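Remarks on the structure that follows.
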Amino acid sequence: MNSFFARLHRAGRVTAACTIAIAAACAGASVGGSSGGGAVATAPRASIASAPKSDWIQLFNGRDLSDWDIKFAKHQLGDNYNNTFRVEDGLLKVRYDKWTAFDGEFGHIFYKRPFRYYLVAAEYRFVGNQVTGAGPNLAWAKRNNGIMINGQSAQSMGLNQDFPISLEVQLLGGLSDGKPRSTANLCTPGTNVHFGDSLITRHCINSTSKTYDGDQWVRVEALSLGDSIIKHIANGDTVLVYRKPEMGGGSANNTNPGVLVEGKPITGGSISLQAETAEIDFRKVEVLNLEGCMDPKSSSYRPYFIKHDPAACK
């Protein structure tokens, strides 16, 4: 990473710390818009780490893909082209054993509901080979997939659209060649982000993570707080921080008219996993929702919530 982006990383971390502190302070004060019409007095916000395991939403149930929508470029919504996404041995797998060629049919599998304030985590390992017919122009895609966050819906994708408008938490596996290859990077199909106060339009920015060679399991998380702060975390280490995502830029081709609105703030959206020519296993995909009832009198109250949702109070 060059010195310019190193400075941006540092600026992003400072801004992130301030914004998260402000969010915590706001959560510990009063939050307007309760179900009764008045302010809701909340208790001090607890750490996200205090959330019980039972509060995590398991996006992958370990059995099937019933809660997901599949979209491949050049194919209709719901066409699991060449049975690429599959569940075997309790794992969600991306496989290319039934492919004989590749012509830009990038694929994504979308969870059924969007989120705004949340922590998403995936445990993955790269396995196998790249799709037959990828060619040298797709050397960048070896052991390369992603978790797409704050994205558009699968239903709004164009027939020939390659990547959803989203923020890609890029997953990269080391190539066992002694060269560094970080994971939990950022790529921006149809989006731009801010580092500090600077709008960055570069498509991909490397994180500060270590290289993970071979077929080892890695846990990558992304903390997303609406249209403010986003953090990428690899095996417990925060490796990238940025803020204020918005629509714009390239690398989301053949979108439907009116879907990509330049400069529109991104406040949340879909979560999807990529099939980007590399074979990969996911043993866990889970979300901790950070938006909910912040009224301590409600049975739905959770002390780690960051954003109040009056409709969630019972």
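The values are calculated or read from the model by the stated rules, or taken from the named source; none is laboratory data. Because the structure is a prediction, the values reported are computed rather than measured. Methodologically, a virtual Cβ is constructed for each residue, glycine included, from the backbone with ideal geometry; neighbour enumeration extends over all protein chains shown. Each accessible area value is taken on the protein alone, full model and side chains, heavy atoms only, with ligands, DNA and RNA left out. Shrake-Rupley method; radii C 1.70, N 1.55, O 1.52, S 1.80 Å.
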Task: Qualifying position, being over 15 Å from ASN192 (Cα atoms), surrounded by 16 or more Cβ atoms within 10 Å (Cβ to Cβ) and of a type outside the set (Asp, Glu), among ASN289, ASN256 - done: ASN289
- [ ] May I ask you to list the residues in region 245-281 that are among the acidic types (Asp, Glu) and either free of Cβ contacts under 8 Å to residues at least 12 places away in the same chain or assigned to a loop (DSSP other than H, G, I, E, B) (or both)?
- [x] GLU262, GLU276
Open item on the list: Regarding region 228-244, can at least one residue be identified that is at pLDDT 95 or above, outside any strand (DSSP E or B) and farther than 25 Å from PHE195 by Cβ?
Closed with: no
Task: Tally of residues being touching an Asp or Glu at 6+ places or on another chain (Cβ under 7 Å), open to solvent by less than 10 Å² (accessible area, probe 1.4 Å) and assigned to a loop (DSSP other than H, G, I, E, B) across region 174-187 - done: 1
TODO: Answer yes or no as to whether TYR118 is assigned to a strand (DSSP E or B), open to solvent by less than 40 Å² (accessible area, probe 1.4 Å) and modelled with pLDDT of 95 or more.
DONE: yes
Task: Positions within region 61-98 being within 18 Å of PHE126 (Cα to Cα) and in contact with a Leu (Cβ under 7 Å, 6 or more places away or on another chain), in sequence order - done: PHE85, VAL87
Task: Residue count for region 130-173, restricted to those that are surrounded by fewer than 23 Cβ atoms within 10 Å (Cβ to Cβ) and assigned to a strand (DSSP E or B) - done: 1
TODO: Considering only region 259-278, state which residues are more than 19 Å from the chain's Cα centre (by Cα) and open to solvent by 70 Å² or more (accessible area, probe 1.4 Å).
DONE: GLU262
Open item on the list: For the structure I just gave you, tell me whether ALA139 is touching a residue at least 24 places away in the same chain (Cβ under 8 Å) and among the hydrophobic types (A, V, I, L, M, F, W, C).
Closed with: no
